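Asker: Would you mind keeping the following structure in view while I ask a few things?
The values are calculated or read from the model by the stated rules, or taken from the named source; none is laboratory data. None of the values given here were measured: they were computed from a predicted structure. Cβ placement follows ideal geometry from the backbone for every residue including glycine, while neighbour counts extend to all protein chains displayed.
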Amino acid sequence: MKELPKVYDPKSVEKKIYDMWVDNGCFKGVRDPEKKPFTIVMPPPNVTGQLHMGHAMDAALQDILIRFKRMQGYAALWLPGVDHAGIATQIKVEEELRKEGLTRYDLGREKFLERVWDWKQKYGDRIVEQQKQLGASCDWDRARFTMDEGCSKAVREVFVNLYEKGLIYKGSRIINWCPHCVTALSDAEVEYQDKPGHLWHLKYPVVGEDGRYVIVATSRPETMLGDSGVAVNPNDERYQDLIGKTCMLPIMNREIPIVADEYVDMEFGTGCVKMTPAHDPNDFEVGMRHNLEIIRVLDDNGKVNELGGKYQGLDRYEARKAIVNELDEMGLLEKIEEHAHNVGTCYRCHNDVEPIISAQWFVKMKPLAEEAIRVVKEGETKFVPERFTTTYLNWMENVRDWCISRQLWWGHQIPAWYCAECGHVTVSRDDATECEKCHSKNITRDEDVLDTWFSSALWPFETLGWPENTEDLDYFYPTDVLVTGYDIIFFWVARMIFSGCEQMKKTPFHTVLIHGLVRDGKGRKMSKSLGNGIDPLEMIDQFGSDALRFNLVTGNSPGNDMRFYTERCEAMRNFANKIWNASRFVMMNLSIDKCELPEKLEAEDKWIISKFNRVAQEVTENMEKYELGIAAQKVYDFIWDAYCDWYIELTKTRLQGDDDESKIGAQKVLCWVLTETLKLLHPFMPFLTEEIWQALPHEGDFLITSAWPVYNPEYDFAQEEAEMECIMSAISAVRTIRSEKNVPPSKKPHLYVETDKVEAFESGIPFLKKLAYASEVTVSAATPENAGEMVAAITTDAKLYMPLAELLDVAKEIERINKELKKAQTDYDRINGKLSNEGFLAKAPEQVVAAEREKAAKLNALIENLTQSIKNLEAIG
RNA sequence: GGACGAUUAGCUCAGCUGGUAGAGCAUUCGCUUGACGUGCGAAGGGUCACAGGUUCGAGUCCUGUAUCGUCCACCA
């Protein structure tokens, strides 16, 4: 048998194993009419840099699911890819350029895009390399990029399609504008932060009433340059007489109307509101109702433009100071209040966002949202955990039109051409060469690109070949599970759902598995600026990919944030090593070349097999519920507690003994249980398990493609299991006593039991034999004479005398089993109650009723077993 | 303003459909010649945030309160 090193060394294994899988096409998603498909599309990481811990978790969860399904016999496809990440990438490349003293304008659009493509090449490859180190079993041949030819075609198709349906339009609206990135942002791309600020109360003289002013409050005084009105509430008695009058806008000396609108809150401030329709969404609405002039006074860089009079050219914050000063000098500054303000900031650069009127492209959301709401309400797409359904529905039900144009260069350029002759807008699937209305050649293409999420929204079907009608699309769509963090439910998940519903007429996935964020040890978000990020690759380097993966999926519940502790990684590395050494032990003792169960099973064999059988079922159930953490924990406990700490110990004397049948039997069971357990563990720790599996006798080529263990009723040995538990508690009792009496472990305590009881034991349960197996004690009968002295006396040569009852703690054991019995009985009664309930029988689906019947039968059997155990114990006690 | 989550051992967190509290790390004690010291055996440590309610029985279900956190909306 192969010699394995004493300590598991992930580095020498992982690369080798991964290449083996790739070389043998183990990750390939192959259309097979005999099999059911199982598809996961990977949330494409941004090309902006390298993967962080969040990506590692995301990838681990998906890989676990896909490996599980692959082993269950599905045609599993995990489709990877990378996102071009519009703003984010463009900013990165511009930063790079700045170091060379250049801006994108110096290069021009074409040259600049070449630079970005270079960047994409470099970082895209790096990301793939990192994912491979994590063990991601993606079908790399199908890897996609959101700006590759196919995706571009899909984007173009959807844009034109929606435009033709009237669901995409161009219009002037107040949008969120980032003066730093110099582009429009969608609502979702704005992050609000509470910042301390001020409320300036300004006095506008009322025209024709000398000495009378309206006092308006504002947090952005610089916008007053663009004011075109003042509004009061129509029910506000204080200002009834002002309605219809005008006031004089200071500095600009513009006469502006005072209008009445319900929008104004009488309670807040003075009850008078200055109206700047070009720079505030609410003012815009009011302005529309009252035909107020729209005067945009800030340019794209956040500076005052030519309509700002003498302040032209000043930055918005400089202008603010200057304007406040001037108003103060004019005696028109009533007061300044402290006021905490909720300021919108750009999610990329975190500069304050400026609401600005601008002509942009929008997706009309209401009609699209309807179906997206329906599929979730009717459960065609389910969120796990369920609570995110509310988050989703809330957003979707209140969704506003989606601003999709961005003033960037990196992205899908909008397929719209403007005619210089007739002004017609041509929107076309192919690049237009003439105006479709007047056929003029004098057309120019819209400079803007689409929001990066526009292409991400099509990800589940564009990656499968849409808009072509491919076989892949037919076979693998809709996909099954989408795994992602809650932070992009709005950005991405919601948009994929309505896009899938609209273009494919089918929701893109039946389950959305939401996970939390990975935070640092103090609960802070990992970020570059804080420098508290932990690099997954460093963890892999130190502890191995398997350990990192196991760490990331255990110890937290779905949808909740987790704190990352290096110590936990270490603990998982130790677990990997434990398995490694247990396997080493098994292999050292192996003289068989086929892994199968023996005919004759000892009590402990049945115990471990029966336990394994149940664990396999529990693991499967939890995997199917997406409770991956619980599933992993169960495998962990089984391996460490049951297999290593008990079963291996119990087989040691058999393996070294002379009884060949028993010896081979032990080998076979050790080997079989280990092999099957490796399967359960494989999705979580793919490298380690495959490496060991390859070294064990096996059928088939790879663990990764072996068959997932299924529950087998033949392996259900409830009776033996219960007996074995009894023996184990006795062994524990010996250990405790030995420890209390300070018996050196080199000495094997000699255990004397009362003569008449020895027989009872041997005939009842093979208790003594097992104790001897476990090398715990030597057992012999005591003479009736010294039986009385046996109470916990100990001699110098480490002979242990103890009464039987204490050893087994019969009373305690009976109590324990009684409790279990009681619980089983209650459960049994409850289920029986259900089963005699006519309503339940009539209404519940057949499978549920059958499942309940099965449960009842099992419980009944368990009750019988437990009753028998108690009888046995009572005979002894 | 609305919604959601958290509150359990010194720390980080599990705990499914209600049945005498669990893990990892940390602490203390005891164990080394054969799978593993990246190990083994033990021990200490918790009125499960608080107050009510349902129940034979509540960490678990219901109501309310407090503290922390997140998201959404937003009044100039």
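Asker: Tell me, yes or no, whether the stretch A:287-294 has at least one residue that is of a type in the set (A, V, I, L, M, F, W, C) and closer than 28 Å to A:C346 by Cα.
Answerer: Yes: one or more hits.
Yes/no matrix, rows are residues, columns are (1) β-branched (V, I, T); (2) part of a helix (DSSP H, G or I); (3) surrounded by 16 or more Cβ atoms within 10 Å (Cβ to Cβ):
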{"position": "A:E14", "(1), (2), (3)": "no, yes, yes"}
{"position": "A:M20", "(1), (2), (3)": "no, yes, yes"}
{"position": "A:F38", "(1), (2), (3)": "no, no, yes"}
{"position": "A:L61", "(1), (2), (3)": "no, yes, yes"}
{"position": "A:V82", "(1), (2), (3)": "yes, no, yes"}
{"position": "A:V116", "(1), (2), (3)": "yes, yes, yes"}
{"position": "A:Q121", "(1), (2), (3)": "no, yes, no"}
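Asker: Just wondering, is there one or more residues in the stretch A:429-443 that are of a type in the set (A, V, I, L, M) and either farther than 29 Å from A:N398 by Cα or assigned to a strand (DSSP E or B) (or both)?
Answerer: Taking every residue of the stretch A:429-443 in turn, at least one turns out to be of a type in the set (A, V, I, L, M) and either farther than 29 Å from A:N398 by Cα or assigned to a strand (DSSP E or B) (or both).
Asker: Also, quick follow-up: Quick one: which residue in A:N301, A:N305 is in contact (Cβ under 8 Å) with a residue 60 or more places away in the chain, of a type outside the set (A, V, I, L, M) and away from RNA strand B (no atom under 16 Å from the Cβ)?
Answerer: It is A:N301.
Asker: Among the residues of the stretch A:21-58, which ones are closer than 19 Å to A:R142 by Cα, in contact (Cβ under 8 Å) with a residue 12 or more places away in the chain and out of contact with any strand residue (DSSP E or B) (no Cβ under 9 Å at 6 or more places or on another chain)?
Answerer: A:W21, A:V22, A:N24, A:C26
Asker: Where the second residue is more than 7 Å from RNA strand B (Cβ to nearest atom) and of a type in the set (A, V, I, L, M, F, W, C) and the first is more than 15 Å from A:R614 (Cα to Cα) and lies in the stretch A:626-646, which pairs have Cβ atoms under 6 Å and are six or more apart or on separate chains?
Answerer: What qualifies is A:Y626/A:V384; A:Y626/A:L513; A:L628/A:I64; A:L628/A:V553; A:G629/A:V553.
Asker: Continuing with this model, one more query. Give A:V363, A:V376, A:V324, A:V399 a once-over and let me know the one that is of a type outside the set (F, W, Y), under 30 Å from A:K203 (Cβ atoms) and buried (at least 17 other Cβ atoms within 10 Å of the Cβ).
Answerer: Of the residues listed, the single one that is of a type outside the set (F, W, Y), under 30 Å from A:K203 (Cβ atoms) and buried (at least 17 other Cβ atoms within 10 Å of the Cβ) is A:V324.
Asker: Then there's this: What single numbered condition from (1) at pLDDT below 85; (2) near RNA strand B (Cβ under 9 Å from one of its atoms) fails to hold for A:L530?
Answerer: Single failed check for A:L530: (2).
Asker: Now for a separate question. Evaluate the stretch A:512-520: report whether one residue or more is under 24 Å from A:S557 (Cβ atoms), out of contact with any Ser or Thr (no Cβ under 8 Å at 6 or more places or on another chain) and of a type in the set (V, I, T).
Answerer: Yes, that holds for at least one residue.
Asker: For A:A231, are the conditions met, namely being closer than 19 Å to A:I295 by Cβ and within 12 Å of RNA strand B (Cβ to nearest atom)?
Answerer: So A:A231 fits the description; yes.
Asker: Considering each of A:C247, A:C272, A:C178 in turn, give the residue that is crowded, with 22+ Cβ neighbours inside 10 Å and modelled with pLDDT under 90.
Answerer: A:C272
Asker: Within the stretch A:199-221, count every residue that is within 11 Å of RNA strand B (Cβ to nearest atom) and of a type outside the set (G, A, S).
Answerer: The total comes to 9.
Asker: Quick one: which residue in A:F612, A:F585, A:F575 is within 8 Å of RNA strand B (Cβ to nearest atom), surrounded by 20 or more Cβ atoms within 10 Å (Cβ to Cβ) and aromatic (F, W, Y)?
Answerer: A:F575
Asker: Need the failing condition index for A:T479 against (1) more than 30 Å from A:R374 (Cα to Cα); (2) surrounded by 23 or more Cβ atoms within 10 Å (Cβ to Cβ), just the number.
Answerer: All conditions pass for A:T479, except number (1).
Asker: Here is a further query. Does at least one position in the stretch A:650-668 carry a residue that is aliphatic (A, V, I, L, M), modelled with pLDDT of 90 or more, over 26 Å from A:G73 (Cβ atoms) and assigned to a helix (DSSP H, G or I)?
Answerer: Yes: the stretch A:650-668 contains one or more residues that are aliphatic (A, V, I, L, M), modelled with pLDDT of 90 or more, over 26 Å from A:G73 (Cβ atoms) and assigned to a helix (DSSP H, G or I).
Asker: Within the stretch A:351-386, track down each residue that is within 16 Å of RNA strand B (Cβ to nearest atom), among the acidic types (D, E) and within 29 Å of the chain's Cα centre (by Cα).
Answerer: Listed by number, the list holds a single entry, A:E386.
Asker: Now a separate question. Please verify whether the stretch A:701-715 includes one or more residues that are in a helix (DSSP H, G or I), modelled with pLDDT of 70 or more and within 16 Å of RNA strand B (Cβ to nearest atom).
Answerer: no
Asker: Taking into account only those residues within the stretch A:152-197 that are within 28 Å of A:D280 (Cβ to Cβ), among the hydroxyl-bearing types (S, T, Y) and in contact with a helix residue (DSSP H, G or I) (Cβ under 9 Å, 6 or more places away or on another chain), which is farthest from RNA strand B (Cβ to nearest atom)?
Answerer: A:Y169
Asker: Check every one of the helices (runs of 4 or more DSSP H) wholly within the stretch A:516-617 and list those with 3 or more residues that are more than 21 Å from the chain's Cα centre (by Cα) and farther than 30 Å from A:Q130 by Cβ.
Answerer: Those helices (runs of 4 or more DSSP H) span A:566-588.
Asker: What's the total number of residues in the stretch A:245-262 that are under 17 Å from A:T223 (Cβ atoms) and within 16 Å of RNA strand B (Cβ to nearest atom)?
Answerer: The number of residues fulfilling the criteria is 4.
Asker: Out of A:W410, A:W459, A:W417, which single residue is without any contact (Cβ under 8 Å) to a residue 40 or more places away in the chain, closer than 29 Å to A:E114 by Cβ and either in contact with a helix residue (DSSP H, G or I) (Cβ under 8 Å, 6 or more places away or on another chain) or of a type outside the set (S, T, Y) (or both)?
Answerer: A:W417
Asker: Residues in the stretch A:263-277 that are more than 6 Å from RNA strand B (Cβ to nearest atom), hydrophobic (A, V, I, L, M, F, W, C) and assigned to a loop (DSSP other than H, G, I, E, B): how many?
Answerer: 1
Asker: So, in the stretch A:402-424, how many residues would count as being surrounded by fewer than 17 Cβ atoms within 10 Å (Cβ to Cβ) and among the hydrophobic types (A, V, I, L, M, F, W, C)?
Answerer: Number satisfying all stated conditions: 2.
Asker: Ok, one more. Kindly list, by first and then second residue, each pair from a residue in the stretch A:501-524 that is among the aromatic types (F, W, Y) to a residue that is part of a loop (DSSP other than H, G, I, E, B), limited to pairs with Cβ atoms under 7 Å and residues at least 6 apart or on different chains.
Answerer: Note: pairs meeting the criteria are A:F509/A:T381; A:F509/A:P478.
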